[in-house]
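Note sheet for the following structure.
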Amino acid sequence: MPPSFSIVFTSAAPLWVALALAATVAVLAWRSGSLRADGAVAAFAIGVIAVRVQWAWGAYLLGWFVLASALSRVGRARKATRTREIVLKGDTRDARQVLANGGIFAICALVVLIADAVGSIADARSTPSPLMTLATLAAGGALAASGADTWSTEIGTLLGGNPWSLRRRQRVTPGTSGAVTWSGTIGGVVGAVLLSGFAWSVSMIASSMVLPVALGAVVGATVDTLLGAWVQERRLCSVCQQFTERLAHCDGMPTLHQGGIPRLDNDLVNVACSLTGAVMAVALAAFGHGRA
């Protein structure tokens, strides 16, 4: 690949350092209430893998998590009040949420580690294979897409009014999947740009990859919204007639399936968001390179 589309891998952390750093961050996140215990275990595993690939991967992952956690905490009480009748889970993330947002990133990291181990480590890092370069680009796009979706949700819930449902074409309760606000949409785009720029600033991706990663992230977050509107499972409380993600609502009454694919919840939609960001970042970079 030409230099404009390549990346140079620098040193990775020793295993004991990766274990210590990932454990420290996971425990602090658990103690601060950002992660549940099972979420901390999942975050620990992803963190070890990232730091073992390259310091830059670990820095990108940590920066992404810190920013997402900080956004979750801003106006926490207001956002919880606005969405508690709708959303199934709060902002203390469990293992499924961690894997939904970071699983594709972790898979890309494993691809790099395997490609690195198969060949000569020194040669692989000084002259990365196309597979390693594409996996890096995909990882950047996957995490940026998840971040853009998180930024959109957090900012829209805090600053926006009642969002507009794309499917129902009317105002709905905050927290409803597939609904948008101007503040949330702008927040998602800003998040995509800042996160892709951050990936470049820590030397995870080359400067030529920033735009494909940012655009891929925006597309991923858009797909998340569309799937949330038309494909994600929708449930209805038989007592108050409110749509919700919860399996039980008023007085613990079971909610009824009213549309979408059964059991396709917000976590699975987030996986699709992340995967779309990864695929689109690679596709856009390849398209741009082909036109260059």
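Toward the positive end of the charge dipole of the chain, with +1 on the Cβ of Lys and Arg and -1 on the Cβ of Asp and Glu, the farthest Cα among V111, A248, A286 is that of A248.
Taking the Cα atoms of the stretch 172-233, the ratio Rg/Rh between the radius of gyration and the Kirkwood radius comes to 1.09.
Rounded to the nearest 20, the Cβ-based charge dipole of the stretch 129-287 about its Cα centre (Lys and Arg +1, Asp and Glu -1) stands at 400 debye.
Compared with the dominant Cα axis of the chain, that is its longest principal axis, helix 37-53 is turned about 20°.
Computed from the Kirkwood radius of its Cα pairs, the Stokes-Einstein diffusion coefficient for the stretch 137-215 at 20 °C and 1.002 mPa s stands at 165 µm²/s.
Whole number in Å², please: accessible area per residue of the chain, 1.4 Å probe, ligands, DNA and RNA not counted. Please list the in-between numbers first.
Numbers: 13570 Å² over 292 residues.
So the chain comes to 46 Å² accessible per residue, rounded to a whole number.
Rounded to the nearest 20 debye, the dipole magnitude of the chain is 700 debye, with +1 charges on Lys and Arg beta carbons, -1 on Asp and Glu beta carbons, and the Cα centre as origin.
Ordering L143, S129, T153 by the projection of their Cα atoms onto the charge dipole of the stretch 58-202, which places +1 on the Cβ of Lys and Arg and -1 on the Cβ of Asp and Glu, puts T153 at the extreme positive end. Computed over neighbours whose Cβ is under 11 Å from that of A42, the net charge equals +1, Lys and Arg +1, Asp and Glu -1.
Any chance you could give the angle, 0 to 90 degrees and rounded to 10, that helix 130-159 forms with the longest Cα principal axis of the chain? Rounded to the nearest ten degrees, it is 30. Restricting the trypsin sites (Lys or Arg not before Pro) of the stretch 183-272 to loop positions (DSSP other than H, G, I, E, B) with no more than 12 neighbouring Cβ atoms within 10 Å leaves R263. Charges were assigned to the Cβ only: +1 to each Lys and Arg, -1 to each Asp and Glu. The resulting dipole of the stretch 166-253 about its Cα centre is roughly 320 debye. Here the chain is treated as a Stokes sphere of Kirkwood radius computed over C-alpha pairs; at 37 °C and 0.692 mPa s its diffusion coefficient rounds to 169 µm²/s.
Annotation: amide H of R235 within the under-5 Å range of T244, Q258, sequence separation 5 or more or interchain, hydrogens built in the peptide plane. Under the criterion of Cα pairs below 8 Å and six or more residues apart, the relative contact order for the chain equals 21 percent. Rg of the Cα atoms in the stretch 62-218, relative to 2.2 N^0.38 Å, amounts to 1.18.
If you sort the three axes of the alpha carbon gyration tensor as a ≥ b ≥ c, you get a/c of 1.5 or more for the stretch 20-77 and a/b no higher than b/c, which makes it oblate.
For the stretch 123-197, trypsin sites (Lys or Arg not before Pro) are listed when DSSP marks them as loop and at most 11 other Cβ atoms sit within 10 Å of their Cβ; the list is R169.
Helix-only estimate, please: 222 nm mean residue ellipticity of the chain, summing -39500 (n - 2.57) across DSSP H runs of length 4 or more and dividing by its residues, to the nearest 500.
Using -39500 (n - 2.57) per qualifying helix, the result is -22000 deg cm²/dmol.
Principal-axis analysis of the Cα atoms of the chain puts helix 266-291 at an angle of about 40° to the longest axis.
Please compute, over every Cα-Cα pair in the stretch 24-150, the percentage with a separation greater than 17 angstrom. So the portion of pairs separated by more than 17 Å is 59 percent.
The values are calculated or read from the model by the stated rules, or taken from the named source; none is laboratory data. Small disclaimer: the values here were computed from a predicted structure and weren't measured. Positions of Cβ are generated from backbone atoms using ideal geometry, with glycine treated the same way; all protein chains shown enter the neighbour counts. Quick note on the areas: whole protein, heavy atoms, side chains included, nothing else; ligands and nucleic acids left out. Shrake-Rupley method; radii C 1.70, N 1.55, O 1.52, S 1.80 Å.
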